[in-house]
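So the structure is just underneath, and the comments pick up after that.
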Amino acid sequence: MTIPKELRYSKDHEWLKQEDGKVTIGITHFAQEELGDIVFVELPEIGDEVKAGEPFGSVESVKTVSELYAPVSGKVVAVNEELTDNPEFVNESPYESAWMIVLEPADENEAAELLSADEYDALLNEG
């Protein structure tokens, strides 16, 4: 399983990419694998505020519905509308096509508290 080195990770299996003062968020390969085939994705609206550690949406698979937890706080400035018609992108390409939201972070230092790729890998190998 690939864990991109340039990303940060939450213990809830969301990934975060910092770029140009914004953060892009999605779920990890591990998370989509655990969920199985994704059939529906619910995401917030542009302009919504999300808080770190709180749900910002959900994914529904053939097995279950799981909430998505924001790894950082901020204002939603972009939503991946492609996932509405193509929820399978989450399974096919969790780090590229299946980004979920882009935030203008409330505190850019929050991302530093997330796990590095190596720390996330260690977390997965504990269980």
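The number of Lys pairs in the chain with C-alpha atoms less than 22 Å apart, excluding pairs fewer than 8 positions apart on the same chain, is 11. Dipole magnitude for the chain: about 140 debye, using +1 per Lys or Arg Cβ and -1 per Asp or Glu Cβ, origin at the Cα centre. Sorted on the mean count of surrounding Cβ atoms within 10 Å across their residues, most packed first, peptides 3-11, 104-112 read 3-11, 104-112. Could you tell me which of rounded, prolate or oblate describes the chain, using a ≥ b ≥ c as the square roots of the eigenvalues of the alpha-carbon gyration tensor, with rounded for a/c under 1.5 and, failing that, prolate when a/b is larger than b/c and oblate otherwise? Oblate, because a/c is 1.5 or more while a/b does not exceed b/c. Ranking Ala117, Pro71, Val59 by how far each Cα lies toward the positive end of the dipole of the chain (charges on Cβ) leaves Ala117 at the top.
Computed from backbone phi with θ = phi - 60° and the Karplus coefficients 6.51, -1.76 and 1.60, the 3J(HN,Hα) list for segment 115-120 is 6, 6, 4, 5, 5, 5 Hz; x is used for glycine and proline. Excluding ligands, DNA and RNA, the accessible surface per residue across segment 1-99 is 53 Å² with a 1.4 Å probe.
The values are calculated or read from the model by the stated rules, or taken from the named source; none is laboratory data. It should be emphasised that the depicted structure is a prediction, and the values quoted were computed from it without experimental measurement. In this analysis, Cβ positions are derived from the backbone assuming ideal geometry, glycine residues included, and neighbour counts consider all displayed protein chains. The area values use the complete protein model at the heavy-atom level, side chains included, leaving out ligands, DNA and RNA. Shrake-Rupley method; radii C 1.70, N 1.55, O 1.52, S 1.80 Å.
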